[in-house]
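Report on one structure; see the data block that follows.
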Amino acid sequence: GVDIWQEALQVGKTMDEKRKLIRGNVSEIPLASASANLIVCSLAYQMTEPHQQRAIALQEMSRILESRGYVILTLPVNYLDGRNTRKFTRVLGEYGFEIRAHDASLTKSKLELYVLQKINDSNNEIHSLQWKGDLKK
């Protein structure tokens with residue numbers, strides 16, 4: 001597991017002492033290339049800086065994922081509007097991902113879930129991914 005907050009890593013250690021937990025952030029994941037087959041990024045992606053760091057985070061996820069690996073990404077419901085969703089889908093493709101599942105109504109949790117699969121390597125272009133939800137901050 002990787003988390004930016006030391007406190008979260010400490011809690012994780014109390015849950016399973018054998019689990020390997022590393023401090024890091026989504027735009028500089030401290031793992032080797034093609035070393036993971038699943039990434040879970042829950043309510044953290046939208047917290048990254050939209051103009052560069054979100055793109056870099058997608059590149060990093062692509063880098064550490066094995067071919068055909070998966071990303072489970074959750075966002076707050078309605079964080080993206082229709083135009084943003086179309087752009088996000090296009091940009092995901094450029095970073096090597098295909099959306100395998102999308103659910104915008106996860107029970108009472110008000111989460112939007114994306115299941116992404118790595119199908120290609122990422123390109124190096126940086127896209128701004130500022131969304132409707134960012135304007136509320």
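The values are calculated or read from the model by the stated rules, or taken from the named source; none is laboratory data. Model, not experiment: these values are computed from the prediction. Cβ atoms come from the backbone with ideal geometry, glycine included; neighbour counts cover every protein chain shown. Just so you know, the surface numbers come from the protein's heavy atoms only, side chains and all, with ligands and any DNA or RNA stripped out. Shrake-Rupley method; radii C 1.70, N 1.55, O 1.52, S 1.80 Å.
Would you list Asp103, Asp134 from the most to the least accessible area, probe 1.4 Å?
So the residues, ranked largest to smallest area, are Asp103, Asp134.
Which translational diffusion coefficient, to the nearest whole µm²/s, is obtained for the stretch 22-89 from the Stokes-Einstein equation, given a Kirkwood hydrodynamic radius over C-alpha pairs, 4 °C and 1.567 mPa s?
D, rounded to a whole number, is 102 µm²/s.
Could you pull the accessible area for Thr48 with a 1.4 Å probe, rounded to 10 Å²?
Taking all protein chains as shown, Thr48 has close to 20 Å².
If you find the alpha carbon centre of the stretch 1-53 and of the stretch 86-133, how far apart are they in angstrom?
Here the answer is 18 Å between Cα centres.
Under the rule of at least 5 residues apart or a separate chain, name every residue whose amide H is placed under 5 Å from the amide H of Ile39.
Tyr70, Val71, Ile72
Tell me, what is a quarter of the convex hull surface for the C-alpha atoms of the chain, in nm² with one decimal?
For the Cα atoms of the chain, the hull's average projected area reads 8.6 nm².
Calculate for the chain the 222 nm mean residue ellipticity that helices alone would give, adding -39,500 (n - 2.57) per DSSP H run of length 4 or more and normalising by residue count, nearest 500 deg cm²/dmol.
The helix contribution divided over the chain gives -8000 deg cm²/dmol.
With all protein chains present, calculate the accessible area of His51 using a 1.4 Å probe and round the result to the nearest 10 Å².
Result for His51: roughly 90 Å² accessible.
To the nearest 10 Å², what's Ser128's accessible area with a 1.4 Å probe?
Ser128 exposes around 40 Å² with every protein chain in place.
Long-range amide H contacts for Leu111: which residues qualify at under 5 Å (H placed 1.01 Å from N, peptide plane, sequence gap of 5 or more or a different chain)?
When sequence neighbours closer than 5 places are left aside, the close amide H contacts are Val77, Leu106.
What ³J(HN,Hα) values, in whole Hz, does the Karplus curve 6.51 cos²θ - 1.76 cosθ + 1.60 give for the stretch 56-63 when θ = phi - 60°, with x put for Gly and Pro?
4, 4, 5, 4, 5, 4, 4, 4
Return the loop-located GluC sites (Glu not before Pro) in the stretch 1-44 (DSSP other than H, G, I, E, B) with at most 12 other Cβ atoms within 10 Å of their own Cβ; answer none if there are none.
Here the sparse-neighbourhood loop sites are Glu17.
How high is the relative contact order of the stretch 1-126, in percent, counting Cα pairs under 8 Å that sit 6 or more residues apart?
Value for the stretch 1-126: 23 percent.
Quick one: which residues, 5 or more positions from Gly96 or on another chain, have an amide H under 5 Å from its amide H? H modelled 1.01 Å from N in the peptide plane, none for Pro or chain starts.
Here Asn123 satisfy the definition.
Take every DSSP beta bridge whose two residues both sit in the chain, then give the antiparallel share in percent to the nearest 5.
Counting only bridges with both partners in the chain, antiparallel ones make up about 65 percent.
Identify all aspartates and glutamates with a Cα-Cα distance to Lys13 below 13 Å; exclude those on the same chain that are fewer than 8 residues away in sequence.
By straight Cα distance, Lys13 reaches Asp3.
Just to check I understand the Karplus step: with θ = phi - 60° and J = 6.51 cos²θ - 1.76 cosθ + 1.60, what whole-Hz values come out for the stretch 22-34, glycine and proline as x?
Going residue by residue, I get 10, 7, x, 10, 5, 9, 8, 6, x, 10, 5, 4, 6 Hz, with x marking Gly and Pro.
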